[in-house]
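The values are calculated or read from the model by the stated rules, or taken from the named source; none is laboratory data. Given the structure is predicted, the values throughout are model-derived calculations rather than measurements. When we count neighbours, we look across all protein chains shown, and the Cβ atoms used for this are built from the backbone with ideal geometry, even at glycine. For the accessible areas, the whole protein counts, side chains as well, though only heavy atoms, and no ligand, DNA or RNA atoms are used. Shrake-Rupley method; radii C 1.70, N 1.55, O 1.52, S 1.80 Å.
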Amino acid sequence: MTTRVLCTFGATYGGGILRVLTDGLPYLNRCPGIHLAFGDLFEREDVKAVFRGAGLTVAEVGVACAPYTSVRHGLARQIDKARAFPHYCLIAHRLRRAAESADVVYVHTYKELVLAAWSGARVVWHCHGLDRAAPFTAQLAGLCAGVIAISVTVAEGLREIGVPGDRIATVLNAIDVERVLTLAAPPPIAPFSTRGAAPVVLVPTASIRRIKGIHVLLEAAQGVPELEIWIAGDMLDPAAGGYAEQLLALSRLPKLSGRVHFLGFQIGRAHV
């Protein structure tokens, strides 16, 4: 007997979720009794090509549109969300239709979880974190056949918001040790200057959240004067609370003044 699994991808950018999928899905697809199909909610050809090349069936589940609802604020943001609503209705319809030929729909982001709830299929949610969890997350998770947490901390967070403990399985993210060793083997493209003529530039392309530890980097950089730091992320996002202000205050310290640059939210495509 073969279990047919439809795996969706709806993240705005290529990050940890995409890494887990590119490393894990081809392996799972070779396991006896499992047949995997992959579907990108936003029909990004570069993303689909990777999984098609790895031997997975690629299902048409989405709409070719921007993977974010808005990058603006205030009333403009609400207008953008209203304009995006028809796209998400169509995605939900196409996902429901694709799910008819699957035994399990395997999802990752909150967006996928909400859309998959309309599919009528058995859903497994792979929870990569609970940052900005919507109030109805626990209810949707409770409807899932299972919830995978990537860490003990995430599993504890799921239980705290009301997800039944018997639905949660903790599966730590795997690390491809051989790949890491291979990438670490070549020498740098060019040696770092020992005279300070070319500063080392670090770019933490993370969301502006305390859990990302950007403040730790800034605190440590006070003792490393050759570092110049560029930070990408939405400084105006209300979900960040007062963390953005804390980072700005750190950047103005005498030992960091002029060396920390905030780029704001950067729109980009998912790269594998």
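Worth pointing out:
- Residue list for the range 230-251, filter: assigned to a helix (DSSP H, G or I) and either within 18 Å of the chain's Cα centre (by Cα) or at pLDDT below 80 (or both): PRO238, ALA239, ALA240
- Total residues in the range 139-168 satisfying the condition of being outside any loop (DSSP other than H, G, I, E, B), closer than 24 Å to ALA102 by Cα and among the small types (Gly, Ala, Ser): the figure is 4.
- Test: residue in the range 81-93 that is surrounded by 13 or more Cβ atoms within 10 Å (Cβ to Cβ) and among the hydroxyl-bearing types (Ser, Thr, Tyr): yes
- Matching option when the condition is under 20 Å from PRO164 (Cα atoms) and of a type in the set (Asp, Glu), among ASP131, ASP80, ASP103: ASP131
- For the residues ARG97, ARG179, the requirement of being open to solvent by 50 Å² or more (accessible area, probe 1.4 Å) and at pLDDT 85 or above singles out ARG97.
- Looking only at the range 100-122, residues that are under 14 Å from ALA145 (Cα atoms), in a loop (DSSP other than H, G, I, E, B) and open to solvent by 20 Å² or more (accessible area, probe 1.4 Å) come to 4 in all.
- Residue in the range 2-13 that is nearest to ILE91 (Cα to Cα), counting only those that are under 9 Å from the mean Cα position of the chain (by Cα) and open to solvent by less than 30 Å² (accessible area, probe 1.4 Å): GLY10
- Unmet criterion (only one of (1) open to solvent by 20 Å² or more (accessible area, probe 1.4 Å); (2) outside any helix (DSSP H, G or I); (3) in contact with a Lys or Arg (Cβ under 8 Å, 6 or more places away or on another chain)) for HIS73: (3)
- Of all residues in the range 14-32, none are at pLDDT 95 or above, over 28 Å from LEU236 (Cβ atoms), surrounded by 15 or more Cβ atoms within 10 Å (Cβ to Cβ) and among the hydrophobic types (A, V, I, L, M, F, W, C).
- Among residues of the range 9-31 that are within 14 Å of ARG44 (Cβ to Cβ) and of a type in the set (D, E, K, R), none has a Cβ under 6 angstrom from a residue that is open to solvent by 20 Å² or more (accessible area, probe 1.4 Å) and not in a helix (DSSP H, G or I) at a sequence gap of 6+ or on a separate chain.
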